[in-house]
Amino acid sequence: MLNKPVLVESLIVFIIVLSVHAVVWDRYSWCAVALAVQAFYVQFKWDRLLQLGGAVFQFRTGANSGLLPASMVIPLLGIAMKERCRSAGIVYFERFGIVIASTGMLVALFLSVIAVGITKPVPTNTCILTGIAGSVIIYTMKHSLTVSEVIEVLEVLLIFVYLSMILLYLLPRCFSPGEALLVLGGISFVLNQLIKRSLNVIEGRGDPIDFFLLVVVVGVVLLGLFFTVLFIFMDSGTWISSMFFHMMTAVLGLGVIMPWLYRLIQRNPLFWLLQFLFQTQTRVYLLVYWIFLAAAACGVVFYQNTKRSSESKKHQASTITRKYFHFIVVATYVPGLIYDRQLLYVAAVLCLAAFIFLEYIRYFRIKPFGQTLRHLLSLFLDERDSGPLILTHIYLLLGMSLPVWLFPRSCAPKGTLPGAGALVPYAGVLAVGVGDTVASVFGSTMGEIKWPGTKKTFEGTMTAIFAQIIAVALILIFDSSVDLNSSYAWILASVTLVSLLEAYTTQIDNLLMPLYLQIMFMA
């Protein structure tokens, strides 16, 4: 039976779903509500499978399945984007939002069917609910999507199935089922978009920075898959393997990724990137400032490691120490959001590629830095890094960057959305950089009243809500493009709901919270 924290988490998600659809109620709302109800019931089955060790793959320990909160993210994002683009009169991206919502629903439904299918004895009531939800979703898709859009949705589902089987087998205990749905579903959609756009290249159509994101994400994932398979047959810790790793990285980068990007943007990628980065004096100043902050982050890592001694009983960095990086990330993103969002978009993509590449070096013990990285980063591990990969710093970067990457620029002709939508790019800063940081620091130092069934404190949550409201006020002062149009009550409700969800969820909050806050702001 579900415990109280899971019940409260589910209640908060239901409130968010109903709040969004109270604003944008249409035929897709019935699908979303049906999906939420069946996901809630299937959580019983997934959690039971995880407790009994009956799941097909090894999932992250210390977390529940997280199926309900994860199942609703992609559909709600698509529905909110559809509504914003419909209001702006951009038909192409309105249809794109429908495809995103349909894809998210079908992928989440597939994960639910898997859980029901491997549960013994077969749960009759849950099967009926899943069947009803599936019928509603498929019926709505049949009357909403064109044939090409249906094919696109099925392509993403097929990629998700194969990618899940490969990555969940190769990377045990790295994800909960809900986190796997979010991460692998997102990668599947990006891969399908890249293939689709590569086969239908039209010169001068499309923003190069969007192509840059697609190619880099797919490129680093394929690079990891290639070396994971290769090092099954080789010892990755030798100098010969390390030299082969660096050589093949250069070959794949220059021989596959660069030509692929050239085909999409119709110009030399290196020259385009250099011209883009140094296009204005403001960008040069921002880059210098960000390099300084990156050096400061490295200094924190080295300093904390010098304090660690063999006699010390404390082998892990404290919560407050880990939050230093949250402060550095906030200091990184806020100037970029105010002065040059396109530069921040591209810089975040480059940073993601660098983080993942360094994780490959650490994981495969590639010489000369692999073992050093293992030693340096082991200090900052927490209970969520139970698998072979260290993903918390990558999730932090994703949480801050996804609202910037997913912001519907084409549906915001003036560069910003009206009302609370103007805060969409700041969702990561507010939820992770401010809210999560303040909640952790105040909760661990001054918190006394714990939320029932969790380690989170009432004081931490309340200070997080208050800090985010103060941050919104500061954004209004320093960013002249933000005009909230008296939507303060909605912003307060959004921040409060997401902060409460952070207190009760066992999923990766750095990934989940910014997406839910973005959904609320877009709605």
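How many residues does the stretch 25-36 hold that are buried (at least 21 other Cβ atoms within 10 Å of the Cβ) and either free of Cβ contacts under 8 Å to residues at least 40 places away in the same chain or not assigned by the TED database to the domain that holds ALA133 (or both)? Residues meeting the conditions: 1.
Looking only at the stretch 347-369, decide whether some residue is within 18 Å of LEU397 (Cα to Cα), touching a helix residue (DSSP H, G or I) at 6+ places or on another chain (Cβ under 7 Å), hydroxyl-bearing (Ser, Thr, Tyr) and modelled with pLDDT of 90 or more. Yes, that holds for at least one residue.
The listed residues are LEU517, LEU484, LEU512, and the only one of them that is open to solvent by less than 10 Å² (accessible area, probe 1.4 Å) and assigned to a loop (DSSP other than H, G, I, E, B) turns out to be LEU484. Exactly one residue among ALA22, ALA39 is among the small types (Gly, Ala, Ser), in a helix (DSSP H, G or I) and open to solvent by less than 20 Å² (accessible area, probe 1.4 Å), and that residue is ALA39. Candidates in the stretch 174-206 are the residues that are over 18 Å from the mean Cα position of the chain (by Cα) and assigned to a loop (DSSP other than H, G, I, E, B); of these, the one that is modelled with the lowest pLDDT is GLY204.
When restricted to residues that are in a helix (DSSP H, G or I), in contact (Cβ under 8 Å) with a residue 40 or more places away in the chain and either within 25 Å of the chain's Cα centre (by Cα) or on the phi > 0 side of the Ramachandran plot (or both), the stretch 432-455 contains 9. The set of residues from the stretch 250-268 being in contact (Cβ under 8 Å) with a residue 40 or more places away in the chain and open to solvent by less than 70 Å² (accessible area, probe 1.4 Å) comprises ILE257, TRP260, LEU261, LEU264, ILE265.
What number of residues within the stretch 500-509 are part of a helix (DSSP H, G or I), open to solvent by 10 Å² or more (accessible area, probe 1.4 Å) and within 15 Å of VAL432 (Cβ to Cβ)? Summing the residues that are part of a helix (DSSP H, G or I), open to solvent by 10 Å² or more (accessible area, probe 1.4 Å) and within 15 Å of VAL432 (Cβ to Cβ) in the stretch 500-509 gives 2. A single member of GLY447, GLY421, GLY443, GLY460 is under 21 Å from TYR339 (Cα atoms) and crowded, with 20+ Cβ neighbours inside 10 Å, and it is GLY421. Scanning the stretch 227-246 for residues that are assigned to a helix (DSSP H, G or I) and either surrounded by fewer than 13 Cβ atoms within 10 Å (Cβ to Cβ) or not aliphatic (A, V, I, L, M) (or both) returns PHE227, THR228, VAL229, TRP239, ILE240, SER241, SER242, MET243, PHE244, PHE245, HIS246. In this structure, does ILE366 turn out to be of a type in the set (Val, Ile, Thr) and free of Cβ contacts under 8 Å to residues at least 40 places away in the same chain? Considered against the rule, which asks whether it is of a type in the set (Val, Ile, Thr) and free of Cβ contacts under 8 Å to residues at least 40 places away in the same chain, ILE366 comes out as no. Would you confirm whether any residue within the stretch 52-61 is without any contact (Cβ under 8 Å) to a residue 24 or more places away in the chain and more than 23 Å from the chain's Cα centre (by Cα)? Checked against the condition, which is being without any contact (Cβ under 8 Å) to a residue 24 or more places away in the chain and more than 23 Å from the chain's Cα centre (by Cα), the stretch 52-61 yields at least one hit. For the stretch 269-280, which positions are assigned to a helix (DSSP H, G or I) and surrounded by 12 or more Cβ atoms within 10 Å (Cβ to Cβ)? PRO269, LEU270, TRP272, LEU273, PHE276, LEU277, listed by residue number. Condition check: open to solvent by 60 Å² or more (accessible area, probe 1.4 Å), among the β-branched types (Val, Ile, Thr) and on the phi < 0 side of the Ramachandran plot. Does VAL216 satisfy that? Criteria not met by VAL216.
Among residues of the stretch 373-394 that are over 19 Å from SER440 (Cβ atoms), those with a Cβ under 7 angstrom from a residue that is of a type in the set (Asp, Glu) and surrounded by 17 or more Cβ atoms within 10 Å (Cβ to Cβ), sequence gap 6+ or separate chain, pair up as LEU389/GLU359.
The values are calculated or read from the model by the stated rules, or taken from the named source; none is laboratory data. Quantities reported herein were computed from a predicted structural model and do not represent experimental measurements. FYI the Cβ positions are ideal-geometry reconstructions off the backbone, even for glycines, and counts take in every protein chain you see. Accessible surface areas use protein heavy atoms only, side chains included; no ligands, DNA or RNA. Shrake-Rupley method; radii C 1.70, N 1.55, O 1.52, S 1.80 Å.
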